[in-house]
Each structure stands twice: as structure tokens, then as C-alpha cells.
Amino acid sequence: MTCKSTVFLDNSWQLFSFFVLLYEFKWIFMEKKRIMIVGPAYPYRGGIADFNERLAYEFQREGHEVLIYTFTLQYPGFLFPGTTQYAAGTAPEGLSIVRRLNSINPFNWIKVGREIRRARPDVVMIRFWLPFLAPCLGTVARIVRRDKGIKVVALLDNVIPHEHRIGDRLFARYMIHSVGGYVAMSESVLRDAKSFDDTKPFALTPHPLYDNFGSKVSRDEAIAHLGLDSNTRYILFFGLIRDYKGLDLLLRAFADDRLRGTKVKLIVAGEFYSNAERYEQLEKELNLAEHIVWYKEFVPADQVRYFFAAADLVAQPYKTATQSGITQIAYHFERPMLVTDVGGLAEIVPHGKVGYVTKPDVADIADALVDFVGNRSESDFHDGIVEEKAKYAWSNMTTSLLDVAGKL
């Protein structure tokens, strides 16, 4: 009798668990959602805007209705380090984008929060990457959440930024406490978020592939397009240039005597968001003028594929990091990588399989460059890259965001 009762209870518990799981997955997969993404998008440029637009396309592909709420003013001009915040070209086709948010106007935050609440979307996904924006985004989130039927989830690029400022932790705490749950893209960001609140539903999902920069082109086409020498191998440093990204480490490593007699050059492609003179002076001190190809401006989306097709190796010698969209562009174009063991970079670039993981140290970076130039080629890592890139589907991110929303 006792045995039969135990079996009955076990089976009942398993059946109950099954129906709980079925209910959760029904919320995620069986209902068309009205989703609002709050964050950068056209006419703003940059990786976060590109990401939000690509995420919107994925939600739409899955059958959901999507609206992006972006800024009328993102950064005041005196706080923006680059030449322009705005993208060239036309708006992305097939997306609904409205400009509403003013990052420095509290009256606007209240107005936008109430407007979103009246619209009653099922899910609001708020992109958070900088404490400066926490008062704006956090206030909007708090107003929206007064309607208990709206699920508010943050997608976290950073919680504590690479370049620390007074008030970062205070603002970050305000943001984390403002949302119902959050999705982080690296272990280090997840730890930062949980240090403020570890009671909320959360998920850890790696940055998906940046597959929205066009199809691959051949190396020969890329070399011709950029006006490069087809007999030279190229190491690529790509993206906005900020001090924490370690370009100085890469320049010093590239000056290693073991590389002097080889036909290899460094391409530095990106707009300076820090003091350009510092790096130009370092180039002179290290006698690297003949070994570096500079493209000192923001690279438009339709030109990105040429730089990656021309590169034999993509280098990210960061001093601090969380995750990086550059790795996901490299995966999309199937290029081997050199990254430093900081933040979440080593989590997604297995050493020896898709490239190199080094210390953020000149000697260690130089050793990896010498090994690649002397002993390896991009084809040595190709199979590993193809295997790893399969992990970074956009459907993984949409599933995680909806999963967290479903637990609120």
C-alpha cells in the first residue's frame, strides 16, 4: 500500500511539473506578443542601434508585433565624443520606429512612461548600457510597471561601465530596481546586476551574431575595395577607439622584433572616442608608420564586410570588457580572433579553437601574433569557428527575453 501511494505521488508530482512547464512555454511560444523595444535605433548609429533593429526583425520573424521607442535626444552634444550620433542612409525597411525619449528631460520621461503604459504592450524590453541613462530609462520603467499586466525586462550590455565615473553604482542600482527582470550577455555583467538585486528573474544569454552587415565577400574583392596589398597579411582592430580597448597594447605588441621581417600589417578601422594624438605619437615612437593602415572614421554598415573579409585575424586586446559585438561580427564572417582574458570575451572565444586568448599584456599578445603569423593561417581555425557560431542564434535571445517576461 505504501509503495503504491509513493508511486502515485511521484507520478502526480511529475504530471504537475509537466503542466507548469507547458504553461510557461505556452506563454513564450503560443501567443503573439505586442513587444516594445526602448533604446537606440535609426536615426542613431552604432552597435546598440544595429542590435535593437536586428532583434526587432527576429521578433517579427517569430510572428510578434514590434515597436521601437528611440530618442529625440540621446546624448547632449558636449557629452558625445565622436563626430556625429546619427547614421547615414535611410531607415531600415519593415520596422516601426518612433522618436520619443529625451535623456535629460524628466518631464519627458513621465510623459513617455504614461504613453507606453496607455499603449499596453505585453512586453517592454529596455536596453541598458550606460549609468548616465538610468534616470531616464529607470523612470520610464517604473511608470510602465504600474500596470501589472505589462512585463518590463532589461537587456544589459553593461551595468558598471568600463570607464568609471562618480555616481555609476547609484544610477545602476536605480535601473536594476526599476525593471521586473533582466537578461545579461556575459557572466561579469550578470554578477554586477545580481550585486544590486538577485531576487529578480534573470537569464544569461550570449550576444547573438551580427549577421546584418551583408553577406561575405572574397578576400580578393575586399583587398581591391580597400586598396590593400594582396601579398600582405592583415590583423584587424575594428570599432570605436576608446582607451579601455587596448589599442596601445596592440601597437606595442606589433612592434615586436619577431614581426619586423614579416609581411604583416595592422589595420585600425574606427572613429576615435579618445585622444588620437596619444596613439599617433606611440606609432612614431615605435617606428610603426610603415606597418599600420589607418581608417580614422566611423565605418558605415555597408562597408563592414570588406574589413573583415580582408582580415586574417581580428584582434581585441581589451583591458576591461563585458561582451563585444566585434566578436559576433567576426563569427558571422568566420574570422579567427585574438581576445584578452577580461570580462566575458574568453567565454565565447575558446583558445586554440577559434583563435587566441591572451593576458592583457604586451608580451603575451605579441607571442600570439608571432605564432599566428609564423605558424598558423585563418583556415586552421575555420572548422572551430563554424561550430561555435551555431551557438549564437538570435532566437536564443528572443526566447530568453520572453522567458524572463513570462516569469513576472
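FYI, it's all coordinate maths here, none of it is from the lab. These figures come from a predicted structure and were not determined experimentally. Here Cβ is always computed from backbone atoms with ideal geometry, including for glycine, and neighbour counts include all displayed protein chains.
List, in order, the whole-Hz ³J(HN,Hα) value for each residue of the range 192-208 obtained from phi through the Karplus relation with A = 6.51, B = -1.76, C = 1.60 and θ = phi - 60°; use x for Gly and Pro.
4, 5, 5, 5, 9, 6, 9, 9, 7, x, 8, 8, 10, 9, x, 3, x
Treat every Asp and Glu Cβ in the chain as -1 and every Lys and Arg Cβ as +1, leave all other atoms uncharged, and give the resulting dipole magnitude about the Cα centre to the nearest 20 debye. Present the calculation step by step, with values, prior to reporting the outcome.
Values: 49 positive and 49 negative charges, 412 e Å.
Dipole magnitude for the chain comes out near 1980 debye.
Quick check: net charge around THR358, other residues with Cβ under 10 Å of its Cβ, Lys/Arg +1 and Asp/Glu -1? Show your work: numbers first, answer last.
On the way: positive: LYS359; negative: ASP341, ASP361, ASP364, ASP367.
Every neighbour counted, the sum reads -3.
How far is it, in nm, from the label point at SER395 to the one at ILE166 when both lie 7 Å from their Cα along the line to the Cβ?
Spacing of the two 7 Å Cα→Cβ label points: 5.1 nm.
Working from the alpha-carbon coordinates of the chain, get Rg over Rh, Rh being the Kirkwood radius.
Values: Rg = 23.2 Å, Rh = 22.8 Å.
Computed over Cα atoms, the ratio is 1.02.
Please arrange ARG145, ARG34 by counting, for each residue, the other beta carbons lying within 10 Å of its beta carbon, fewest first. The partial results should precede the final answer.
Numbers: ARG145 18, ARG34 15.
Fewest-to-most ranking of ARG145, ARG34: ARG34, ARG145.
Need one number: nm distance between label points at ASN231 and ARG219, each 7 Å from Cα along Cα→Cβ, rounded to one decimal.
Rounded to a tenth, the inter-label distance reads 1.5 nm.
I need the peptides 43-51, 282-290 ranked by packing, meaning the mean over residues of other C-beta atoms within 10 angstrom, with the highest value on top. Mind showing how you got there, number by number?
On the way: 43-51: 20.4, 282-290: 12.3.
The packing order, highest mean first, is 43-51, 282-290.
For the range 61-186, what mean projected area does the convex hull of the alpha carbons give, in nm²?
Working: hull surface 36.2 nm².
For the Cα atoms of the range 61-186, the hull's average projected area reads 9.0 nm².
Normalised by the residues of the range 219-389, what does the relative contact order come to in percent, with Cα pairs under 8 Å and at least six apart? Let's see the in-between values first.
Working: 295 pairs, mean separation 42.3, N = 171.
It comes to 25 percent, rounded to a whole number.
Among the listed pairs LYS200/LYS353; LYS265/LYS359; LYS194/LYS389; LYS245/LYS353, which have their C-alpha atoms separated by more than 26 angstrom in this model? List each step's numbers first, then the result.
Details: LYS200/LYS353 35 Å; LYS265/LYS359 22 Å; LYS194/LYS389 28 Å; LYS245/LYS353 23 Å.
Over 26 Å Cα-Cα: LYS200/LYS353; LYS194/LYS389.
If I stretch the segment between SER379 and THR84 completely, what's the gain in nm (0.36 nm per residue apart, minus their alpha carbon distance), one decimal? Spell out each step's value before the answer.
Details: separation 295, 0.36 × 295 = 106.20 nm, distance 3.78 nm.
Full extension from SER379 to THR84 adds 102.4 nm.
Compute from the Cα atoms of the range 219-389 the Rg and the Dmax, the latter being the longest Cα-Cα distance, and quote both in angstrom.
My reading of the Cα-based Rg and Dmax gives 14.6, 41 Å.
Return the calculated 222 nm mean residue ellipticity for the chain, to the nearest 500 deg cm²/dmol, obtained by summing -39500 (n - 2.57) across DSSP H runs with n ≥ 4 and dividing by the residue count.
After summing the helix terms and dividing by the residues of the chain, the value is -12500 deg cm²/dmol.
Pull out the extension gain between LYS319 and LYS32, defined as 0.36 nm times the separation in residues minus the alpha carbon to alpha carbon distance; nm, one decimal.
Values: separation 287, 0.36 × 287 = 103.32 nm, distance 4.25 nm.
Taking 0.36 nm per residue and subtracting the Cα distance, the gain is 99.1 nm.
Toward the positive end of the charge dipole of the chain, about the Cα centre and with charges on Cβ (Lys, Arg +1; Asp, Glu -1), which of HIS382, VAL183, GLY325 goes farthest?
Value computed over the given set: VAL183.
Contact order normalised by length for the chain, with contacts defined as Cα pairs under 8 Å and 6 or more residues apart; what percent is it?
On the way: 739 pairs, mean separation 62.4, N = 408.
Over the chain, the number comes to 15 percent.
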